[in-house]
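Inspection log for the structure reproduced underneath, given as structure tokens.
The values are calculated or read from the model by the stated rules, or taken from the named source; none is laboratory data. Here the structure is a predicted model, which is why all the values come from computation and not from measurement. Methodologically, a virtual Cβ is constructed for each residue, glycine included, from the backbone with ideal geometry; neighbour enumeration extends over all protein chains shown.
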Amino acid sequence: MTNLQNLSVVQLRKVVAIKEQIERLEAQLDSIAGGGGAARPTVAAGGPVKRRKMSAGARARIAAAQRLRWAKIKGRGAAASAPAPAKKTGKRKVSAATKAKLAAIAKARWAKAKASGKGAL
């Protein structure tokens, strides 16, 4: 593919025209061939293609399988690398008292740092 920075304005217009013609022809081909599937995503059509997100459970299964593969390779056996039972999912919560205690500790640490003339810990 040519470097678009080295092309003149006329050449760039030709490139754009050809690309538009290709897209029109692809749309015609899809309609003729009965392209029941989704159209090919393009940047011009709707922005960048979004990536799919993997669930935490799927990541855990993949990680466990990989640990088993490495255990086999390293000769440790499956028993040593068996995954721990799944913990309760969700966000952990900190009580208000714990938050207050941590805030007090942080304030004391910053007060000490500022008293000694430091701008950072």
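At a glance:
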| quantity | calculated |
| --- | --- |
| Considering residues of the range 73-116 that are in a loop (DSSP other than H, G, I, E, B) and at pLDDT 85 or above only, the residue farthest from Ala63 (Cα to Cα) | Ser116 |
| Residue that is surrounded by the fewest Cβ atoms within 10 Å (Cβ to Cβ) [pool: residues in the range 29-56 that are modelled with pLDDT under 90 and among the polar types (S, T, N, Q)] | Ser31 |
